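What follows is a set of notes on a single structure, which appears directly below.
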Amino acid sequence: MNQSTYPRIFVERTLAIIKPDAIDKAEEIEDFVLKSGFTVLQKRKLHLSPEQCGDFYADQYGKLVFPSLTAFMSSGPIMALTLARKNAVAHWKSIIGPVNSIKAGETHPECLRAKYGTSDLKNALHGSESFHAAEREIKFMFQNSVIEPSPSKEAAAEYLSKYVYPTLLHGLTELCKNKPHNPCTWLADWLIKNDPSKPHIYDGVEDTE
């Protein structure tokens, strides 16, 4: 199968952080996360040092907020979560709302930062800005993570019904016709030779019938 024909519906991953000012509400927030259609792939409670916070927020280095940000984020435990769903990055950002919790309360009163945050700095939650930012941040919090988009249930079902099942049915039909001595080995060889994702190479004249 040519890659361009693969259904391009992907489940994204994003990093969520429950910050020190909202850590006592972690269970409540996680329950909301699950009800919002996310799957929690990884979860870790930890207490970062100021140096670790500085590394995590390296893109903020040199800004006036940087010292206060690293001091706040290292002031107590946090909960890091790897979340997954379709359009995870954008959806999580929309749920947590604007960075400034006070302004969020005025413009997005239903968002999580309006509910749990108290200021621009103490805004309760973090969300990755982009897929590439999520990749870096998840690897920072969960060092052994491999970040790759994975197909949604709908895309996987479409792929199976369009490419896998017809090929497997054809192979099993041929297996019944040939009745080989070692059916497992025969079927494995047949599937390798008839892989729909690879071009067929014919010896001699191609049968066009």
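The values are calculated or read from the model by the stated rules, or taken from the named source; none is laboratory data. From a predicted model like this one, the values you see are computed outputs, not experimental measurements. All Cβ positions, even for glycine, are placed from backbone atoms using ideal geometry, and neighbour counts span all protein chains on display.
Within the stretch 54-69, identify whether any single residue is touching a helix residue (DSSP H, G or I) at 6+ places or on another chain (Cβ under 9 Å), more than 26 Å from residue 28 (Cβ to Cβ), among the hydrophobic types (A, V, I, L, M, F, W, C) and without any contact (Cβ under 8 Å) to a residue 60 or more places away in the chain, and answer yes or no. Yes: the stretch 54-69 contains one or more residues that are touching a helix residue (DSSP H, G or I) at 6+ places or on another chain (Cβ under 9 Å), more than 26 Å from residue 28 (Cβ to Cβ), among the hydrophobic types (A, V, I, L, M, F, W, C) and without any contact (Cβ under 8 Å) to a residue 60 or more places away in the chain. Under the condition of being part of a helix (DSSP H, G or I) and over 13 Å from residue 17 (Cβ atoms), the residues counted in the stretch 39-78 number 12.
Does residue 76 satisfy being at pLDDT below 95 and over 19 Å from the mean Cα position of the chain (by Cα)? No, not satisfied. Here is a check on your reading of the model: is residue 13 in the same structural domain as residue 117 (by TED's automatic domain parsing), in contact with a helix residue (DSSP H, G or I) (Cβ under 8 Å, 6 or more places away or on another chain), basic (Lys, Arg) and buried (at least 18 other Cβ atoms within 10 Å of the Cβ)? In short, yes.
Check whether at least one residue in the stretch 108-131 is hydroxyl-bearing (Ser, Thr, Tyr), at pLDDT below 95, surrounded by 14 or more Cβ atoms within 10 Å (Cβ to Cβ) and more than 21 Å from the chain's Cα centre (by Cα), and report yes or no. Checking the stretch 108-131: at least one residue is hydroxyl-bearing (Ser, Thr, Tyr), at pLDDT below 95, surrounded by 14 or more Cβ atoms within 10 Å (Cβ to Cβ) and more than 21 Å from the chain's Cα centre (by Cα).
Summed over the stretch 79-101, the residues that are more than 22 Å from the chain's Cα centre (by Cα) and assigned to a helix (DSSP H, G or I) give a count of 1.
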